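Inspection log for the structure reproduced underneath, given as structure tokens.
The values are calculated or read from the model by the stated rules, or taken from the named source; none is laboratory data. Note that this is a predicted model, so its numbers are computed, not measured. Here the Cβ positions follow ideal geometry from the backbone for every residue, glycine too, while neighbour counts run over all protein chains shown. For the accessible areas, the whole protein counts, side chains as well, though only heavy atoms, and no ligand, DNA or RNA atoms are used. Shrake-Rupley method; radii C 1.70, N 1.55, O 1.52, S 1.80 Å.
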Amino acid sequence: MSSSLTDIPVRGGNITAVPANSPLERKGLTKKEIAADHPTWCPGCGDFSVLALYFKLIEKRKLWHEKITTVAGIGCSSRFPYFVQAHGVHYIHGRALPFASGISLSRPDLHLFVFGGDGDAFSIGGNHFTHTARKNIKMTYVVMDNWVYGLTKKQTSPTSPLGFKSKTDIGGATDQPINPMKQAIAAGATFVARTTHSNPNHVLQMMEAAMDHDGFSFIECLSECVEFYEGAFDASNPRKGGVFNTVPADHDVTDELAAYKLSGEAFPGKFGIFYKATRATKNANEAKVVAAAREKTASLKDWEILQKSFDRLK
Amino acid sequence: MSDATLTAPASGGTPKVSRVSEAIIRIAGNSQDGIQAIGGFLARLAGRSEQEVMTHMTIPATISGGPSIFQVRIGSGEVLSSGDEADVLLAFYQHSYEGHINSLKKGGIVLYDSDHVEPKPEWQKDYHHVGVPISGLTVEAIGGTAKDKGKNIYALGLVAKMFDLNIPKLEKLIGERFTSKDPSILNNALAAFHAGYSHSLGSVIETFAFVESQKKGRPQVVMNGNEAMGYGLIAAGVRFGAGYPITPWSDIMELLRRELPKYGGSFIQCEDEIASISMAIGGSYGGRVAVTGSSGPGISLKTEALGWAVMAEIPLVIVDIQRGGPSTGMPTNVEQSDLNIACFGGHGDSPRVVIAPADVEDCFYSAIEAVNIARKYSVPVILLSDQAIATRIEAFAEPNLETICQDISPDLTPVASHKPYDLSAADGVTQHLAPGTRIEDGVYPIATGLEHDEYGHPTGSPKLHSQMNAKRRKKLQTLAASLPTPNIYGPAEGNVLLVGWGSTQGPIKEAVDRARATGDSVSSIHIRHINPLPPGLENIFAGFNHVLVVEMNDEGLYGYGQLGGVLRACFGDKKIRGITKTDGLTFKVKEIVEKARANVATGLRKL
Ligand SMILES: Cc1ncc(C[n+]2csc(CCOP(=O)(O)OP(=O)(O)O)c2C)c(N)n1
Ligand code: SF4
Ligand SMILES: [Mg+2]
């Protein structure tokens, strides 16, 4: 498990009774143990590879079954939790981040991964994205960006490029698309990375780095919708005649402006960690508030703390 | 002051001292003058003197203040409402005097600031006028130019004198309120108080003394409904919540934000109400029932997520402090118009629990009940309070916190296997299993809003959808069967039954008392469990010719209010009708009696 999870002071009732989690105690789960339902995605959908690499991550990092919590909103990509044999949540459209925040802030002992689509993240859930990022709530968020609404069958998404012909833009999209990387950096995310489903090793690398980051870690993972936006990402896939360029070695990941500039490059752009900053997490800030308050109350039973309040109300 | 009437002033000599068992004092001024503080002192004093007390206030909706009142009713016996007519009106300005003289009973005393109020000759014969240059004398007492500061405390001194209040206790209360490091602030307050207290009210009126309270040896706590609900949630073991500010819910949110860290918990301010409920459900999913809440439009925003919690069977407490609606409506006024959204809001069939506390004390206990029902039945529970109960102050017997406070930490003991939506569970009741719990057979649950099988995996099976709908319904039917039948206030048979819910309990009971005193055949019941309804209502209704549902909402397209509509749907009984209103004010006792009389053509007496 990432060291940062154990670094967060555990608080509240017998959550403290959860044993400290040592990765060495058990062997990693096999794919068979961690796979649940057979995915319902269309054959060839990019989401398969994201799932496969999530399994790899769990296996490689020897995460405990019961300690993995996978949360998603609504969309093709958001079906994710059903395919993972672990505690999981399939929530409502666009609101997976605040839901996951509730888990993160009350259960520091869990590994929290959120998966979803571009519509889920940047349209209906846009405001939650901003606020979860600025609060720097500890979790990993992978947006499987296919530049289209998959589940509802080809409407324009907030990341659809100009000119994309969809059922809601038969003449081609005219609204300026959102740039997820810029959005994340501007919102205050402390880990911002970009990868693509067609490069498995790179996806795993990004997932590991994101998981080890103490804070809100965001990955934009291009994930092709073969049904409604075939070939969208060919230019980034060497096997389709494209180029896969990683972030230059001399890029300073703590330089916000440089990261912003990288984000603005024309497609296919660069892949890798664009931005990474150290800033107190909401989890740590809340723990601080608690620690300060507990200085006066730690020796008291809960009812005695309440009694003190009631004594002042007489 | 039911015992003593304010008879003609004693001519000359020392004023007569009358013993009274209760008094209603209305303080009218501007909100920035600290009139709430006077009322607060009086309420707390009553609580410490083992008296009953109920307050009522109006606050201007504008931020910069404006006309405002605070009414306190103190009684040595039972106090059910803040009272219709005041015994004493304390008026700071001409507008306070003119605007509230009507709420003073004939023969009552108007105590006014003669620096600001010009009394009207035509009112002098109906009300005892006592003018005191409150503003000027306050400046004299504490000096300085801040002439508007401290006059509330000066007036408190006058009231203390008039009612022979316990001075050491009041001094102590003032000391507890002014805790600034600068001692001159407290000294000024005490100087103003004593100046008021020693000001001679002359021989124009009698003064009063409360008869001893009958309730001996019961320590009381004094607080408003929002405080009681916030502390109730803490006593229930809630340690996490999330919200977005809106009046009048914000008080609870601020209280939890301030208090929870002391217990190792936290309350998060979110970007909006959808995020708040989502975060709270996330917290609940984490294993310990969490809370969110709102008022007015914020409740509308929460309904999609609420439906998810119903479908996924995750426990949750949602507080709704009702205010005037729809839309932004009347933010600082009371209304009971959220019953429908609380019981039915959202798409699809989504049974949830709704509990409406009946007074301030009940806010405390309802919060605990809500948490326990949510846990036991894995269901969202809505605490349906309102602006009136949220802001009024009452004294109630101090709860035994050592026995009441509970620990609801998640149980993470490994289990052999787990079906989150087990269809063979008795009465459909299954429990949420917190993440972090090891499941030995390696099959893990998904909490989901899609219709699902017993493990939480999606299904399109028509049979499963029917079965799961039945499961979600059955567990609430099981809860319903376990609920207590409401007590009947008054005889179990008669002509008219008044049915109330929420904050109207006091005025309704008082209306029953008043009507019965004049020979009418009226009883009442108060329904706390709004959804599901408790058993036995049909039997109760059978004992009466008329069932009148008293509620602060519109009569609706078909002529009865929101609970009235539900009761009609339940019992299909034409004798169920409504007494409703939407003027944004609490029911007066007189109003209920008059409307009931008007409603029953043949009169309230038994036929
Ligand atoms: C409140 C609400 N509005 C609309 C929908 C319908 N809906 C489901 S998924 C979706 C868009 C999905 O697009 P995206 O998030 O990009 O996911 P993808 O299917 O492409 O992976 C929409 C509009 C919904 N489920 N809920
Ligand atoms: S519609 Fe597109 S995104 Fe959805 S499963 Fe099929 S290929 Fe994947
Ligand atoms: Mg998409």
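Counting just the residues of region B:165-186 that are modelled with pLDDT under 90 and part of a helix (DSSP H, G or I), which one comes out least open to solvent (accessible area, probe 1.4 Å)?
B:184
Would a scan of region A:263-285 turn up a residue that is surrounded by 14 or more Cβ atoms within 10 Å (Cβ to Cβ) and facing another protein chain (nearest Cβ under 9 Å)?
Yes, because at least one residue in region A:263-285 is surrounded by 14 or more Cβ atoms within 10 Å (Cβ to Cβ) and facing another protein chain (nearest Cβ under 9 Å).
Taking into account only those residues within region A:212-226 that are away from ligand 1 (no atom under 16 Å from the Cβ) and open to solvent by 10 Å² or more (accessible area, probe 1.4 Å), which is farthest from the other protein chains (Cβ to nearest Cβ)?
A:212
Here is a yes/no grid of residues against (1) open to solvent by less than 20 Å² (accessible area, probe 1.4 Å); (2) within 24 Å of residue B:69 (Cβ to Cβ); (3) modelled with pLDDT of 95 or more:
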{"site": "B:326", "(1), (2), (3)": "no, no, yes"}
{"site": "B:339", "(1), (2), (3)": "yes, no, yes"}
{"site": "B:349", "(1), (2), (3)": "no, no, yes"}
{"site": "B:352", "(1), (2), (3)": "yes, no, yes"}
{"site": "B:356", "(1), (2), (3)": "yes, no, yes"}
{"site": "B:359", "(1), (2), (3)": "no, yes, yes"}
{"site": "B:372", "(1), (2), (3)": "no, no, yes"}
{"site": "B:382", "(1), (2), (3)": "yes, no, yes"}
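Residues checked against (1) in contact with a Cys (Cβ under 7 Å, 6 or more places away or on another chain); (2) within 11 Å of another protein chain (Cβ to nearest Cβ); (3) buried (at least 24 other Cβ atoms within 10 Å of the Cβ):
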{"position": "B:231", "(1), (2), (3)": "no, yes, yes"}
{"position": "B:241", "(1), (2), (3)": "no, yes, yes"}
{"position": "B:247", "(1), (2), (3)": "no, no, no"}
{"position": "B:252", "(1), (2), (3)": "no, no, yes"}
{"position": "B:280", "(1), (2), (3)": "no, yes, yes"}
{"position": "B:288", "(1), (2), (3)": "no, yes, yes"}
{"position": "B:295", "(1), (2), (3)": "no, no, yes"}
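Applying the selection to region A:187-211, what residues are open to solvent by 10 Å² or more (accessible area, probe 1.4 Å) and hydroxyl-bearing (Ser, Thr, Tyr)?
A:198
So which residues in region A:286-311 are facing chain B (nearest Cβ under 7 Å) and either open to solvent by 80 Å² or more (accessible area, probe 1.4 Å) or under 17 Å from residue B:269 (Cα atoms) (or both)?
A:286, A:289, A:290
Does residue B:229 satisfy being in a strand (DSSP E or B) and farther than 21 Å from residue A:288 by Cα?
Spelling it out, it is not the case that residue B:229 is in a strand (DSSP E or B) and farther than 21 Å from residue A:288 by Cα.
Looking at A:130, A:70 in this structure, which one is away from ligand 1 (no atom under 16 Å from the Cβ), at pLDDT 95 or above, among the β-branched types (Val, Ile, Thr) and in the same structural domain as residue A:192 (by TED's automatic domain parsing)?
Going through A:130, A:70 in turn, the sole match is A:130.
Any residue at all in region A:87-108 that's within 16 Å of ligand 2 (Cβ to nearest atom) and either buried (at least 24 other Cβ atoms within 10 Å of the Cβ) or free of Cβ contacts under 8 Å to residues at least 12 places away in the same chain (or both)?
Among the residues of region A:87-108, at least one is within 16 Å of ligand 2 (Cβ to nearest atom) and either buried (at least 24 other Cβ atoms within 10 Å of the Cβ) or free of Cβ contacts under 8 Å to residues at least 12 places away in the same chain (or both), which makes the answer yes.
The conditions are (1) modelled with pLDDT under 95; (2) open to solvent by less than 30 Å² (accessible area, probe 1.4 Å); (3) not hydroxyl-bearing (Ser, Thr, Tyr), and residue B:519 fails exactly one of them. Which is it?
(2)
Would you confirm, using the coordinates I've provided, whether residue B:447 is at pLDDT 95 or above and over 29 Å from residue A:106 (Cβ atoms)?
So residue B:447 fails the test.
Kindly indicate whether any position in region B:6-26 is outside any loop (DSSP other than H, G, I, E, B), modelled with pLDDT under 90 and within 23 Å of the chain's Cα centre (by Cα).
Checked region B:6-26: at least one residue is outside any loop (DSSP other than H, G, I, E, B), modelled with pLDDT under 90 and within 23 Å of the chain's Cα centre (by Cα).
Mind checking which residues of region A:140-186 are at positive phi and either under 18 Å from the mean Cα position of the chain (by Cα) or open to solvent by less than 50 Å² (accessible area, probe 1.4 Å) (or both)?
Residues satisfying the conditions are A:147, A:163, A:172.
Does residue B:42 qualify as being at pLDDT 90 or above, within 29 Å of residue B:514 (Cα to Cα), assigned to a helix (DSSP H, G or I) and not assigned by TED's automatic domain parsing to the domain that holds residue B:390?
yes
Just to be sure, is residue B:508 part of a helix (DSSP H, G or I) and among the β-branched types (Val, Ile, Thr)?
Taking the combined requirement at face value, the residue satisfies it.
Here is a list of conditions, (1) surrounded by fewer than 21 Cβ atoms within 10 Å (Cβ to Cβ); (2) at pLDDT 95 or above, and residue B:584 meets all of them except one; can you say which number that is?
(2)
Only one residue in B:395, B:447, B:388 is within 26 Å of the chain's Cα centre (by Cα) and either more than 10 Å from chain A (Cβ to nearest Cβ) or within 22 Å of residue B:289 (Cα to Cα) (or both), so which one is that?
Just a single option satisfies the conditions, and that option is B:388.
Consider region A:138-153. How many of its residues are farther than 28 Å from residue A:213 by Cβ and more than 8 Å from ligand 2 (Cβ to nearest atom)?
Total satisfying the criteria: 2.
Hey, residue B:530 hits all of (1) assigned by TED's automatic domain parsing to the domain that holds residue B:577; (2) touching a helix residue (DSSP H, G or I) at 6+ places or on another chain (Cβ under 6 Å); (3) over 26 Å from residue B:83 (Cα atoms) but one; which does it fall short on?
In the conditions (1) assigned by TED's automatic domain parsing to the domain that holds residue B:577; (2) touching a helix residue (DSSP H, G or I) at 6+ places or on another chain (Cβ under 6 Å); (3) over 26 Å from residue B:83 (Cα atoms), residue B:530 misses (2) alone.
Would you check which residues across region A:204-247 are aromatic (Phe, Trp, Tyr) and either under 21 Å from the mean Cα position of the chain (by Cα) or within 16 Å of ligand 3 (Cβ to nearest atom) (or both) and list them?
The answer is A:216, A:218, A:228, A:229, A:233.
For region B:522-549, give me the residue count where each residue is assigned to a strand (DSSP E or B), open to solvent by 20 Å² or more (accessible area, probe 1.4 Å) and over 25 Å from residue B:364 (Cβ atoms).
Result for region B:522-549: 2.
Could you say whether any residue in region A:73-90 is within 9 Å of chain B (Cβ to nearest Cβ), farther than 14 Å from residue B:447 by Cβ and within 14 Å of the chain's Cα centre (by Cα)?
No - not one qualifying residue is present in region A:73-90.
State all residues of region A:188-203 that are more than 14 Å from the chain's Cα centre (by Cα), away from ligand 2 (no atom under 16 Å from the Cβ) and assigned to a loop (DSSP other than H, G, I, E, B); if no residue qualifies, say none.
Answer for region A:188-203, where residues must be more than 14 Å from the chain's Cα centre (by Cα), away from ligand 2 (no atom under 16 Å from the Cβ) and assigned to a loop (DSSP other than H, G, I, E, B): A:188, A:199.
Out of B:554, B:513, B:583, which single residue is of a type in the set (D, E, K, R), in a helix (DSSP H, G or I) and closer than 23 Å to residue B:359 by Cα?
B:513
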